[in-house]
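Scroll down for the structure; my scribbles are underneath it.
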Amino acid sequence: MIFFFAAFKIPDLIFEILITGALTTSFIPIYLSLKNNQDELKITISSIINLTFISLFIFILFINIFLSPIINFITPGFSQEKIKVIVTFSRILLFGQLPFFVAGNILTGIGQANKIFFLSALGPVLYNISIIVSTVIFHNQLGLYAPIYGVVLGSFILFIIQIPIIKYSQFQYQLIIKKAKALIDFFKMIIPRTLTVIIAQIDATIDLILSSFLSAGSYTIFYFAQHLQLLPVSVIGISLGQASLPYLTDLYKDKKIEEFKNIITQSILNVFFMILPLSVFFIFARTPLIRLFFGGEKFDWQATVDTAKTLSFFAIGLPFHSIYYLLTRCFYAMIDSKTPFLIGFFAILINIIFSFIFVFYLKLPVWALAISFSTSIIINTILLFIFLSKKINGFDMKNLFLSTMKILFSAFISSFIAYFAMRLLDGLIFNTSFSINVFFLLVTVFSIFILIYLFICWIINVKEIYLITKILIKVKEYQKKIIEIYNQYE
């Protein structure tokens with residue numbers, strides 16, 4: 001299993017550089033700045049797309065030639081047999097997944113720039129469903145090749161499902177590369193961001209290398225805990241950051257600074273309102289969570305305990321990690337990728353230094369890597385907020401502080417009650433030697449926790465509680481639209 005995860009390192013690196021490093025930071029602001037000039041938009045965006053794919057194929061060919069020594073370097077603790085499997089899996093992903101995945105995310109960028117979010121959201125869902133279905137159906141016949149082929153199929157579906165975005169956005173693609181002012185601005189933005197991504201990937205690779213020097217299974221433990229805490233970050237933090245970029249860009253372009261600041265403040269509080277209770281829940285319910293998601297014959301009790309402890313240290317930085325994506329998008333909306341780069345570089349250095357100290361000097365186990373990660377993301381986010389505040393002449397700090405303290409107080413008190421309820425129910429009501437009962441225990445405890453949390457928020461007048469009402473209204477609006485579309489086809 002460990003070499004299955006390691007096989008994604010190189011393809012993920014290329015994807016992060018080309019998509020996270022370039023398109024997600026610069027593509028939408030540049031697209032919006034040209035929206036009123038269709039001819040220049042067509043030339044510039046087509047040139048960006050074509051240059052992206054030329055870079056992609058250069059990367060793929062270059063990496064493919066030197067893939068074996070690269071894999072040997074980033075996984076020094078692995079046997080040659082495992083390294084051969086990683087190389088094979090990586091080649092399949094390089095040639096089968098990446099081209100469709102990059103094309104799909106380019107369409108996602110065009111869709112988000114035009115405020116088309118449904119297809120952009122549907123693509124990743126179908127991508128993950130493809131992996132799950134492929135694994136379940138073909139794992140007996142193909143083994144670990146089943147999810148690998150599922151990834152390839154999923155990336156193709158992610159691309160195909162978003163092709164209608166081209167029609168809805170009225171963007172006319174051309175097979176050209178032509179110099180333009182906006183294209184130069186694009187490259188000025190992507191260079192710092194790309195360097196940030198490269199450094200972040202080096203940091204992640206160092207975590208991989210360090211974990212391979214620790215006890216057996218340490219990287220699997222680190223990977224599982226990290227990706228479980230990334231679930232709420234992806235669903236809430238990254239999604240909000242991506243969705244907010246077009247609106248923030250428009251507001252800053254129109255010099256509506258007060259409205260710009262109000263949206264940032266409200267977004268931060270909304271993220272805290274949703275993420276802080278999840279962070280606390282991940283800490284006090286860490287063991288049953290790990291048992292539910294990863295428990296099995298090959299994942300023994302010691303691995304469960306170690307993964308749970310690692311998850312709890314990741315959870316400390318979870319609220320900061322979630323608003324990190326919003327804050328970086330604020331800088332990108334202002335056509336500034338240099339500041340996030342410098343701050344990110346400093347935070348990554350802290351993570352690397354702490355990781356080396358914890359592993360080689362203090363001889364701590366794998367959960368220490370989670371401590372260094374959380375420390376660095378907290379420092380990174382705080383510095384981003386300070387510098388952003390200076391650029392836009394400050395926030396309403398009193399409102400931010402008091403509202404955050406109310407949310408934290410509600411989550412803290414609720415966690416005590418829910419924790420004791422969990423201890424009481426475990427064994428007395430639910431026999432947690434069975435996975436299904438672990439599931440029911442978590443559902444019951446989480447329900448108790450959230451209900452108490454919402455009740456306390458209501459009592460002490462946390463205004464963000466009305467976010468739930470807004471979400472329910474939106475759901476009803478979507479239901480009405482779906483019914484209207486359905487009635488048209490009857």
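Within the range 468-483, the residues that satisfy the criterion of being more than 27 Å from the chain's Cα centre (by Cα) and modelled with pLDDT under 50 are Gln479, Lys481, Ile482, Ile483. Taken over the range 369-379, the criterion of being free of Cβ contacts under 8 Å to residues at least 60 places away in the same chain and surrounded by 21 or more Cβ atoms within 10 Å (Cβ to Cβ) is satisfied by Ser372, Ser376.
Only one of the numbered conditions (1) closer than 21 Å to Ser234 by Cβ; (2) surrounded by 15 or more Cβ atoms within 10 Å (Cβ to Cβ) is not met by Phe186, and that is (1).
Exactly one residue out of Lys398, Lys363 is without any contact (Cβ under 8 Å) to a residue 60 or more places away in the chain, basic (Lys, Arg) and assigned to a helix (DSSP H, G or I): that is Lys398. Filtered by the rule that a residue be surrounded by 15 or more Cβ atoms within 10 Å (Cβ to Cβ) and either at pLDDT below 85 or not hydrophobic (A, V, I, L, M, F, W, C) (or both), the range 451-467 gives Tyr453, Glu464, Ile465, Leu467. Residues considered: Ala421, Ala411. Of these, the only one that is among the small types (Gly, Ala, Ser) and either more than 27 Å from the chain's Cα centre (by Cα) or not in a helix (DSSP H, G or I) (or both) is Ala421. Has the range 172-182 got at least one residue that is in contact (Cβ under 8 Å) with a residue 60 or more places away in the chain and in a helix (DSSP H, G or I)? Checked the range 172-182: at least one residue is in contact (Cβ under 8 Å) with a residue 60 or more places away in the chain and in a helix (DSSP H, G or I).
Ser169 falls short on exactly one of the conditions (1) modelled with pLDDT of 80 or more; (2) within 29 Å of Leu51 (Cβ to Cβ), and that condition is (1). Of the residues making up the range 128-155, not one is in contact (Cβ under 8 Å) with a residue 60 or more places away in the chain and more than 28 Å from the chain's Cα centre (by Cα).
One residue is enough: does the range 69-90 have a residue meeting the conditions within 30 Å of Thr249 (Cβ to Cβ) and either of a type in the set (Phe, Trp, Tyr) or in contact with an Asp or Glu (Cβ under 7 Å, 6 or more places away or on another chain) (or both)? Checked the range 69-90: no residue is within 30 Å of Thr249 (Cβ to Cβ) and either of a type in the set (Phe, Trp, Tyr) or in contact with an Asp or Glu (Cβ under 7 Å, 6 or more places away or on another chain) (or both).
So is Leu158 touching a helix residue (DSSP H, G or I) at 6+ places or on another chain (Cβ under 7 Å), of a type in the set (A, V, I, L, M), in contact (Cβ under 8 Å) with a residue 24 or more places away in the chain and buried (at least 16 other Cβ atoms within 10 Å of the Cβ) or not? Yes; evaluated as a whole, the condition is true for this residue.
Look at (1) outside any helix (DSSP H, G or I); (2) under 24 Å from Pro29 (Cβ atoms); (3) over 24 Å from the mean Cα position of the chain (by Cα); (4) not basic (Lys, Arg) and you find that Ile166 fails only one, number (1). Of all the residues in the range 405-438, those that are touching a residue at least 40 places away in the same chain (Cβ under 8 Å), among the hydroxyl-bearing types (Ser, Thr, Tyr) and surrounded by fewer than 17 Cβ atoms within 10 Å (Cβ to Cβ) number 1. Go through the residues of the range 419-428 one by one and say whether even a single one is charged (D, E, K, R) and over 25 Å from Tyr324 (Cβ atoms). Yes; the residues of the range 419-428 include at least one that is charged (D, E, K, R) and over 25 Å from Tyr324 (Cβ atoms). For the range 337-359, the candidate set comprises residues that are of a type in the set (Phe, Trp, Tyr) and in contact (Cβ under 8 Å) with a residue 40 or more places away in the chain; within that set, the residue that is nearest to Tyr252 (Cα to Cα) is Phe341.
With respect to the conditions (1) closer than 30 Å to Asn393 by Cβ; (2) among the aliphatic types (A, V, I, L, M); (3) touching a residue at least 40 places away in the same chain (Cβ under 8 Å), Ile263 falls short on a single one, namely (3).
The values are calculated or read from the model by the stated rules, or taken from the named source; none is laboratory data. The structure presented is a predicted model; accordingly, all values stated were derived computationally and were not measured. Counting neighbours? That spans all protein chains shown, and the Cβs are built from the backbone with ideal geometry, glycine included.
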